[in-house]
Amino acid sequence: MVNGKKTVVIGVTGGIAAYKALDVISKLKKKDFDIDVIMTKSAAKFVTPLTFQTLSQNIVHTDMFEEPRAFEIQHISLAKKADLVAIVPATANIIGKVSNGVADDLLTTTIMATKAPVIFAPAMNTNMYSNPILQDNINKLMKFGYEFIKPAVGRLACGDSGEGKLPDADFIAQVIESMLYGIKDLRGKKVLVTAGPTIADIDPVRYITNRSSGKMGYSIAEEARDRGADVTLISGPTKLSIPFGINFINVRTNAQMLKAVLDNFQGQDIVIKAAAVSDYKAKNYSKRKIKKSEDEFSLDFISDVDILKELGKLKKNQILVGFAAESNDLLENASKKLEKKNLDYIVANNITASDSGFASDDNRVTILSRDGKKVDLNKMSKREVARNLFNILSQR
């Protein structure tokens with residue numbers, strides 16, 4: 001964990017989705033968060049406190065007037081201890097209470113007493129969620145600085161379908177982890193990232209592309225988001241989930257990526273081109289499927305627009321970072337690209353490595369800067385590569 005262990009107080013309220021809070025706690029514990037749980041009396045009707053105690057590895061708090069185990073007032077001690085308070089799931093009842101200043105149990109008094117960020121994850125019947133009274137309560141709390149995780153759309157426990165479903169535990173855990181990320185040096189900064197491959201069509205059914213999974217670019221975008229940046233991610237086709245809290249733009253071709261990048265380039269502080277853009281396209285696109293006629297077949301290809309080079313011509317105050325995926329003469333080729341495309345930094349990686357690079361969760365790179373500095377990063381996760389990259393950029 002970045003910058004020390006954090007404490008999350010999880011408030012569990014009386015909804016059928018209460019059991020899903022167990023999975024949230026499990027995921028946060030695996031990330032080395034310290035977890036304290038407060039359960040309302042209604043929540044204890046759905047899942048026993050012992051179950052939460054087992055997963056959180058801490059005593060579960062249910063009664064504001066229970067005999068204290070130390071000389072402390074529970075709701076005050078928990079309020080001070082918390083780095084973040086998360087209500088999972090949040091019923092209409094708890095939202096209504098807090099929005100109207102009601103503090104009549106351990107959870108509501110803790111929320112009222114804490115100065116830590118508070119985030120609600122609503123889960124309820126879709127008609128309850130759309131009720132204007134509830135929506136007014138949510139808007140009121142948001143004006144006061146409380147955060148909300150928007151519920152998912154799907155089939156609910158009552159049999160209805162619509163908005164009101166608690167999002168996946170992994171998603172909730174990611175939001176909490178992001179809020180508590182220990183480095184916030186990019187607050188007020190705008191970061192543009194490109195990721196994934198692009199596609200060059202040959203005919204209506206055939207195209208050329210490359211093996212880029214998009215994992216490196218997505219990791220960079222997530223690191224920038226967690227450090228407080230306003231992030232725009234422009235991505236070619238991937239199998240990755242769209243990261244939360246990011247302005248996401250989906251593209252397919254070189255031309256679409258070029259337009260999206262140019263539309264968003266001005267006003268950015270940092271631009272990182274991690275996408276593997278197709279260098280070539282078919283000289284003549286066939287509007288009809290090319291039929292097989294001979295044993296051999298050839299196509300003519302022409303160069304497509306070099307987006308990174310175009311940005312090098314346009315940049316003013318932006319920090320411009322490129323990637324060099326090479327199979328030989330890694331540093332020599334990367335250095336030439338750095339100079340030719342007017343970059344500030346370039347991240348060079350050897351695509352022939354069997355244990356990192358394309359499709360892998362890990363990478364092994366060398367970061368070169370315009371002033372001649374070189375940083376070698378041995379094999380590590382792509383998220384760790386992203387963290388190290390921003391550590392270098394933040395020194396500029």
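Quick rundown of the values:
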read-out	value
Residue list for region 290-305, restricted to those being among the hydroxyl-bearing types (Ser, Thr, Tyr), assigned to a loop (DSSP other than H, G, I, E, B) and within 29 Å of Ala195 (Cα to Cα)	none
Residue tally, condition within 17 Å of Tyr345 (Cβ to Cβ) and surrounded by fewer than 10 Cβ atoms within 10 Å (Cβ to Cβ), over region 284-322	2
Hey, Lys287 modelled with pLDDT under 95, outside any loop (DSSP other than H, G, I, E, B) and not β-branched (Val, Ile, Thr) or not	no
Within region 212-254, tally of residues that are small (Gly, Ala, Ser) and out of contact with any Ser or Thr (no Cβ under 9 Å at 6 or more places or on another chain)	4
Single residue of region 245-267 satisfying the filter (in a loop (DSSP other than H, G, I, E, B) and in contact with a helix residue (DSSP H, G or I) (Cβ under 6 Å, 6 or more places away or on another chain)) that is surrounded by the fewest Cβ atoms within 10 Å (Cβ to Cβ)	Gly245
Residues satisfying the stated conditions in region 369-396, i.e. surrounded by fewer than 18 Cβ atoms within 10 Å (Cβ to Cβ), among the hydrophobic types (A, V, I, L, M, F, W, C) and over 22 Å from Lys336 (Cβ atoms)	Met380
Residue in region 373-386 that is over 22 Å from Ser219 (Cβ atoms) and either modelled with pLDDT of 95 or more or in a loop (DSSP other than H, G, I, E, B) (or both) present	yes
Ser360 vs. criteria surrounded by 13 or more Cβ atoms within 10 Å (Cβ to Cβ), assigned to a loop (DSSP other than H, G, I, E, B) and touching a Lys or Arg at 6+ places or on another chain (Cβ under 6 Å)	no
Selection status of Ile94, touching a strand residue (DSSP E or B) at 6+ places or on another chain (Cβ under 7 Å) and in a helix (DSSP H, G or I)	yes
Any chance Val24 is assigned to a strand (DSSP E or B), out of contact with any Lys or Arg (no Cβ under 6 Å at 6 or more places or on another chain) and either touching a residue at least 24 places away in the same chain (Cβ under 8 Å) or not assigned by TED's automatic domain parsing to the domain that holds Asp104 (or both)	no
Glu296 vs. criteria without any contact (Cβ under 8 Å) to a residue 12 or more places away in the chain and closer than 18 Å to Leu368 by Cβ	no
Near pairs, Cβ below 6 angstrom, 6+ apart or cross-chain, from region 146-166 (at negative phi) to any residue that is of a type in the set (S, T, N, Q)	Arg155/Ser161; Cys158/Asn125; Asp160/Thr126; Glu163/Thr126
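Here's the yes/no breakdown for (1) closer than 25 Å to Thr253 by Cβ; (2) modelled with pLDDT under 95:
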{"position": "Lys273", "(1), (2)": "yes, no"}
{"position": "Ala276", "(1), (2)": "yes, yes"}
{"position": "Tyr280", "(1), (2)": "yes, yes"}
{"position": "Leu311", "(1), (2)": "yes, no"}
{"position": "Leu331", "(1), (2)": "no, yes"}
{"position": "Tyr345", "(1), (2)": "no, no"}
{"position": "Gly357", "(1), (2)": "yes, yes"}
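The values are calculated or read from the model by the stated rules, or taken from the named source; none is laboratory data. Because the structure is a prediction, the values reported are computed rather than measured. Cβ coordinates were reconstructed from backbone atoms using ideal geometry, including for glycine residues, and neighbour counts include every protein chain displayed.
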